[in-house]
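*Asks:* Can you keep this structure in mind? I'll have questions shortly.
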Amino acid sequence: MKTINITIDGIDTEIPKGMTVLEAARGLDIQIPTLCYLKGVNHSSSCRVCVVEVGPRLIASCTLIAEEGMQIRTNTKKVRDARRTSVELLLSDHERECLSCSRGGSCELQSVSNDLNIRQVSYVGEKSSQEKDYTSPAIIRDAAKCILCGRCVGACGTLQTVNAIGFAKRGFDTVISTAFGRPLAESTCINCGQCIMACPVGALGEHENITDVWNAISDPAKTVVVQTAPAVRVALGEEFGLPIGSRVTGKMVAALRKLGFDKVFDTNFGADLTIMEEGTELLNRLGSGQNLPLMTSCCPGWVKFVEHNFPDMLDNLSTCKSPHEMEGAMVKSYFAKQEGIAPEDIVVVSIMPCTAKKFESGRDELSGGGLADVDWVLTTRELAAMIKEAGIDFANLKDEAFDNPFGEASGAGVIFGATGGVAEAALRTVFELTSGKELETVEYTAVRGMEGIKENVIELPGGQEIRTAVVHGLGNARRLMEAIERGEKSYDFMEVMACAGGCITGGGQPIHDARTLETVNIKAERAKAIYSEDEAQVIRKSHNNPQIQKLYAEFLGTPGGHKSHELLHTHYLERSRF
Amino acid sequence: MKLLTDLDAIRTLSKGLLDNRRITGQTPESIQFRSVMVCGGTGCTSSDSNAIVDALNKEIANLSIQNKAEVVRTGCFGLCELGPVVIVYPEGIFYSRVEVKDIPEIVEQHLLYGTPFEKRIYEQTRKDGEILNFEETDFYKKQVRIALRNCGTIDPEVIDEYIASDGYTALGKVIMTMTPEQVVDTVKRSGLRGRGGGGFNTGLKWEFAARQEKQQKYVICNADEGDPGAFMDRSILEGNPHAVIEAMAIAGYAIGANQGFVYVRAEYPIAVQRLMKALDQARKYELLGDNVMGTGFKFDIDVRLGAGAFVCGEETALIHSIEGFRGMPTPKPPFPAVQGLWNEPTIINNVETLANIPQIVLNGAEWYASIGTEKSKGTKVFALGGKVVNTGLVEVPMGITLREVIFEIGGGIPNGKKFKAVQTGGPSGGCLTEEHLDCTIDFDTLTSLGSMMGSGGMIIMDEDTCMVDVARFYLDFTRDESCGKCTPCRIGTKRLLELLDKITEGKGTLEDLDKMESLSLQIKNSSLCALGQTAPNPVLSTIKYFRDEYVAHITEQQCPAGVCKSLISYEIDAQLCKGCSLCARKCPSDAISGKPKEPYVIEKASCIKCGVCFDVCKFKAVMIV
């Protein structure tokens, strides 16, 4: 590796060639504030908060590649004044309702402003766009708080290649906008919420349903059933100060009971059910050779992405509903019958790491007989907010277990939360169902890991090969889909999760600032927790889940059977490309 | 295939044609053939010069004197205010504001009988009862036309005429007799600096790009001229498009690029149309394409239309616009010469810069470097505008003084008013005062005075101009044209404008003035691109040179020039008012009342201070107080 020598604040340092001044300074523990910079997502150097002095010039350090002999000063009057002015200007055009802002306390603008010791804003004047867009069931946008850093645009475009939002208009009138300024609900937004995760302020957030859920809980006529996705349990603790990657399954269940939910179910059960159905579907398609590759349908962001961008491949999507929708359907049929409760008196709440699930639960196709399978979806963040509001001391809760019949789940169900998990869970079951033999090692490590596209050929005992692709992040998915369209690639089975790393980094998970995102491998930490939860399970394969076996025996019949099709499968729509 | 020999043949054939288009000093009787040059620039086309061309052709045909005269639609002559302009060679008679109805007389009197048509002769060509040829007028005689060469003497839509005027000879010379290094060296030694605003050494820019070891490189011509009032690039493209094409091919050869782009404003339809036509012709002659002049050198040019965003004149924003993205600047480094269009080495040169290149190649670096000052070589085209007698385009050698340009070439301030300031460099520049009139015009002097060369806008202001209002005007422009990307430019210019508004409304404080200065410095220091880095210049230079005016607005709530609406009111002087009622009839808000033949009165509460009464009163009875 080539190195160069530079001097920062009088300290001589040798750094790798190609490194930015910001990175070099951080290597020397020199803190340079940033706002618009989000590594790998947005390198626009537009906020001008990270400027440093190089010769007579002030240059944004986030994109400045250090050069041999460069003399950099990060703490001069000129630098401090420039940083303060930029932040004061941002504040002069910012809706400063910090006390009631969803990001109050976790706002990067607030902390930069604090760090720069800004106690009054010297500039006053007209404020730019105040438009609020609450049309989307998943994501809300508040232009009054937007500082136009462009991180959301980078997340939506550079990362996800969704490109639902971009800059529009000019100068002071500049706004982040959808194409033609349409409401977000009518755009190509796939609701993944990665824009929210990228936003340093409160300009983006989930469409909150906390009040709806409180109302349901306090309605004595309703049986309120909650289910939690696998990825929630490995992130929720972060909202209460626990380290990133803490597994808090038992505390979460205890907290949900304390909140007043009548039944606390595990979406992992739904995941096991999905494997039964999707595994059968895969074997059928492999048999008929039709609609291959089978593309997973657990991720509603991915599903909508296909609907907008690759409508010719809608038939390749698995017809399986996603796990929580399957579970919702079972709650309102099997469970309702078992308990003798009218389905319309049951409210199903899903706690999800995801904002797209909010959109999904509102899809007409997912409402059997006019009754939604899932009534409300809350994000991990919303659940944390409810727990805080209820005054529950989360960190000190004693572990509790899920309720049955949907509380027992296999390790295969839990790994749905990480990229590769659905594929691995499916392979465990498909292998045993086709061979009749038991797997010696259940771990298909080849499909694990954070590589963007993982290709594998899995040989079944009968000699049949399954060509699999595991993809996470829609940017990777688009590249792969285009390669398939060009005929360069072909597969039998494709697992796609819209968010990088899978559901563990979903748009509904706890938000971390740019610095944490840069320094901690959040994906890896949460994935580790997911896999340790899998290992801790006695049952590791979906088809071995006794509750699943019971459900089929008592109610559904066979996987892919008539009843399953009625309750557990769905269809998709073609949507506009812009 | 057009080889050098083919070009020579064309040149020989067409040379005679061009020989007719110069002033010879022949006696009227001895003149056998006249060339009638009609300006086809945007200004004259707007005043319907096309109809003049048609009428001339028709009349010449009527009189069957096609053997005695030709009609040529040319590029811009520079004196746009006088359009439509017609020049007749070889006498060099300059007709201004010609109308279609004048044509039969012009044709009959002048073309048939050799007597100039008195009625439309440009006043400044009359001297002591004689009619001067236009080159002897103050407006033209100090000009040195290199970039504007051929503008006004050839038909820009006929490639043969450009070739006859030594066109494409430089390209031939470069490809066949010079190495790319020699070309770069020639341009470097000429001292040519970028005419688009930055003033960076052109040859050095080429050298950076030439040094990059990449297969794919690009040459971009920046024709996204955006400064209010500046139109030299448009005029060059309209009047001499082949010079730009030739220069781009030379640049391509020098840096190792085979593809060029012209990024031109869609609001320049005539320039675009002539450029497209010229590109077609050049391709047909194989002066562009896969095998230029049979040498195997490959170069072609595409045109990209800009949608009129000022910021797209900034190199990186322009590049992103060509790439299909929103025109927003990105930080430099990396400079385009290293990583430009589609991340490949790219040079971006302004139209006027490029227009100099063929002449530099033909006449040598030393020739070019002999013109101008030590650090600013050659000539510069300025668009003279505002309160000056001769408005239009002028090309002058670097080092000329502001006084010479404004008072000699420009003819001074009209209506006997006093000169107050000159604004150079457009929205990025600044205002200079009477004390600077004898300063030389060159890159470094203008910058040292707090203004800049910019792309060559030069707006002259008289005593009726409020300098706070001028600063406001320019800042309003940059605030509007900011791309909105970086904080200091997007919000800073807005806040600065709000402070200026406060002052023009008489609500400002002296602290606001300090705040404006400090905010201006911050915007300059920390903006991402040159738009923001220069946006406060009009504010800073007016505060520097006209602080008293700001203070008057603040402490006395007065606008000394009587411009700022909030600080003035209109009154009618009863002594002077004849009671003609014109003002009352023109007033859009019915604020003026009175009886005919008695003094009228303005009702202040209803007055919207539009100034119509002031403008229409023939007796100067309306006063600004």
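The values are calculated or read from the model by the stated rules, or taken from the named source; none is laboratory data. All values reported here derive from a predicted model rather than from experimental measurement. All Cβ positions, glycine included, derive from the backbone under ideal geometry; neighbour counts span all protein chains shown.
*Asks:* What's the number of the condition B:Met453 fails, among (1) assigned by TED's automatic domain parsing to the domain that holds B:Arg547; (2) assigned to a loop (DSSP other than H, G, I, E, B)?
*Replies:* All conditions pass for B:Met453, except number (1).
*Asks:* When you scan the range A:217-240, do you find a residue that is within 14 Å of chain B (Cβ to nearest Cβ) and β-branched (Val, Ile, Thr), even just one?
*Replies:* no
*Asks:* On to the next question. Only residues in the range B:308-321 that are touching a residue at least 12 places away in the same chain (Cβ under 8 Å) count as the first member; pair them with residues that are of a type in the set (A, V, I, L, M, F, W, C) and not in a helix (DSSP H, G or I), Cβ under 6 angstrom, at least 6 apart or cross-chain, and list the lot.
*Replies:* That search, which allows pairs on different chains as well, returns B:Val311/B:Cys483; B:Glu314/B:Cys529; B:Glu315/B:Ile348; B:Ala317/B:Met328.
*Asks:* Now, a different point. Tally the residues that are over 31 Å from the mean Cα position of the chain (by Cα), under 26 Å from B:Gly92 (Cβ atoms) and among the β-branched types (Val, Ile, Thr), restricting the search to the range B:2-31.
*Replies:* Selection size over the range B:2-31: 3.
*Asks:* Oh, and also: Within 14 Å of chain A (Cβ to nearest Cβ), surrounded by 18 or more Cβ atoms within 10 Å (Cβ to Cβ) and outside any loop (DSSP other than H, G, I, E, B): does that describe B:Thr330?
*Replies:* So B:Thr330 does not fit the description; no.
*Asks:* Select, from A:Val470, A:Val496, the only residue that is within 17 Å of the chain's Cα centre (by Cα), part of a strand (DSSP E or B) and either farther than 14 Å from A:Asn316 by Cβ or at pLDDT below 95 (or both).
*Replies:* A:Val470
*Asks:* Can you work out which of the residues in the range A:431-467 that are among the charged types (D, E, K, R) and part of a loop (DSSP other than H, G, I, E, B) is surrounded by the most Cβ atoms within 10 Å (Cβ to Cβ)?
*Replies:* A:Arg448
*Asks:* Just to be sure I understand, how many residues within the range B:445-467 are buried (at least 24 other Cβ atoms within 10 Å of the Cβ) and on the phi > 0 side of the Ramachandran plot?
*Replies:* 2
*Asks:* Now a separate question. Quick one: would you say A:Asp513 is in contact with an Asp or Glu (Cβ under 8 Å, 6 or more places away or on another chain) and acidic (Asp, Glu)?
*Replies:* In short, yes.
*Asks:* Tell me the residue from B:Thr177, B:Thr202 that is among the polar types (S, T, N, Q) and within 30 Å of B:Gly454 (Cα to Cα), please.
*Replies:* After applying the criteria, what remains is B:Thr202.
*Asks:* Can you name every residue in the range A:171-189 that is within 14 Å of chain B (Cβ to nearest Cβ) and closer than 16 Å to A:Val153 by Cα?
*Replies:* The answer is A:Thr174, A:Val175, A:Ile176, A:Ser177, A:Ala179.
*Asks:* Filter the range B:308-327 for residues that are within 11 Å of chain A (Cβ to nearest Cβ) and farther than 18 Å from A:Thr174 by Cβ and give the result.
*Replies:* Within the range B:308-327, no residue meets the criteria.
*Asks:* Related question: Looking at the range B:33-40, can you tell me whether even one residue there is in a loop (DSSP other than H, G, I, E, B), over 30 Å from the mean Cα position of the chain (by Cα) and within 24 Å of B:Ile159 (Cβ to Cβ)?
*Replies:* yes
*Asks:* Name the residues in the range A:68-86 that are out of contact with any Lys or Arg (no Cβ under 9 Å at 6 or more places or on another chain) and within 11 Å of chain B (Cβ to nearest Cβ), would you?
*Replies:* Of everything in the range A:68-86, those that are out of contact with any Lys or Arg (no Cβ under 9 Å at 6 or more places or on another chain) and within 11 Å of chain B (Cβ to nearest Cβ) turn out to be A:Lys78, A:Asp81, A:Arg84.
*Asks:* With B:Thr316, B:Thr353 as the choices, which residue is assigned to a helix (DSSP H, G or I), among the polar types (S, T, N, Q), in contact with a Gly (Cβ under 9 Å, 6 or more places away or on another chain) and over 18 Å from B:Ile255 (Cα atoms)?
*Replies:* Only one candidate passes the filter, namely B:Thr316.
*Asks:* List the strands (runs of 3 or more DSSP E) inside the range A:1-63, counting only whole elements, that have at least 1 residues being more than 14 Å from every other protein chain (Cβ to nearest Cβ).
*Replies:* Because the criterion is at least 1 residues that are more than 14 Å from every other protein chain (Cβ to nearest Cβ), the strands (runs of 3 or more DSSP E) in the range A:1-63 that meet it are A:3-8, A:11-16.
*Asks:* So for the range A:239-255 (the condition being closer than 25 Å to A:Asp513 by Cα, touching a His at 6+ places or on another chain (Cβ under 9 Å) and in contact (Cβ under 8 Å) with a residue 60 or more places away in the chain), does at least one residue qualify?
*Replies:* yes
*Asks:* Does at least one position in the range A:507-515 carry a residue that is assigned to a loop (DSSP other than H, G, I, E, B) and over 23 Å from A:Thr379 (Cα atoms)?
*Replies:* No, there is no match, as no residue in the range A:507-515 is assigned to a loop (DSSP other than H, G, I, E, B) and over 23 Å from A:Thr379 (Cα atoms).
*Asks:* Filter the range B:82-111 down to residues that are surrounded by fewer than 21 Cβ atoms within 10 Å (Cβ to Cβ) and assigned to a helix (DSSP H, G or I), then give me how many there are.
*Replies:* Summing the residues that are surrounded by fewer than 21 Cβ atoms within 10 Å (Cβ to Cβ) and assigned to a helix (DSSP H, G or I) in the range B:82-111 gives 7.
*Asks:* Over 30 Å from A:Gly487 (Cα atoms) and either at pLDDT 95 or above or part of a strand (DSSP E or B) (or both): is that true of A:Leu378 in this structure?
*Replies:* yes
Let's see how each residue does on (1) touching a residue at least 12 places away in the same chain (Cβ under 8 Å); (2) more than 7 Å from chain A (Cβ to nearest Cβ); (3) on the phi > 0 side of the Ramachandran plot:
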{"site": "B:Arg490", "(1), (2), (3)": "no, no, no"}
{"site": "B:Arg495", "(1), (2), (3)": "yes, no, no"}
{"site": "B:Leu500", "(1), (2), (3)": "yes, yes, no"}
{"site": "B:Gly506", "(1), (2), (3)": "yes, yes, yes"}
{"site": "B:Ser518", "(1), (2), (3)": "no, yes, no"}
{"site": "B:Leu521", "(1), (2), (3)": "yes, yes, no"}
{"site": "B:Ser526", "(1), (2), (3)": "yes, no, no"}
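*Asks:* If we only count helices (runs of 4 or more DSSP H) wholly inside the range A:108-217, which ones have 3 or more residues that are free of Cβ contacts under 8 Å to residues at least 12 places away in the same chain?
*Replies:* Qualifying helices (runs of 4 or more DSSP H): none found.
*Asks:* Just for the range A:346-365: of the residues that are more than 21 Å from A:Ala185 (Cα to Cα) and more than 16 Å from the chain's Cα centre (by Cα), which one is surrounded by the most Cβ atoms within 10 Å (Cβ to Cβ)?
*Replies:* A:Val348
*Asks:* Please state which one of B:Thr186, B:Thr179, B:Thr202, B:Thr169 is over 25 Å from the mean Cα position of the chain (by Cα), closer than 29 Å to B:Glu344 by Cβ, hydroxyl-bearing (Ser, Thr, Tyr) and buried (at least 17 other Cβ atoms within 10 Å of the Cβ).
*Replies:* The unique qualifying residue is B:Thr186.
*Asks:* Could you grab me the full set of residues in the range A:18-52 that are touching a residue at least 24 places away in the same chain (Cβ under 8 Å) and of a type in the set (Lys, Arg)?
*Replies:* A:Lys39, A:Arg48
*Asks:* Sticking with this one: Given (1) out of contact with any strand residue (DSSP E or B) (no Cβ under 6 Å at 6 or more places or on another chain); (2) more than 10 Å from chain B (Cβ to nearest Cβ), where does A:Ser128 come up short, assuming only one miss?
*Replies:* (2)
*Asks:* Now a separate question. What number of residues within the range B:233-246 are under 18 Å from B:Leu318 (Cβ atoms), in contact with a Ser or Thr (Cβ under 8 Å, 6 or more places away or on another chain) and of a type outside the set (Lys, Arg)?
*Replies:* Residues that pass the stated criteria total 1.
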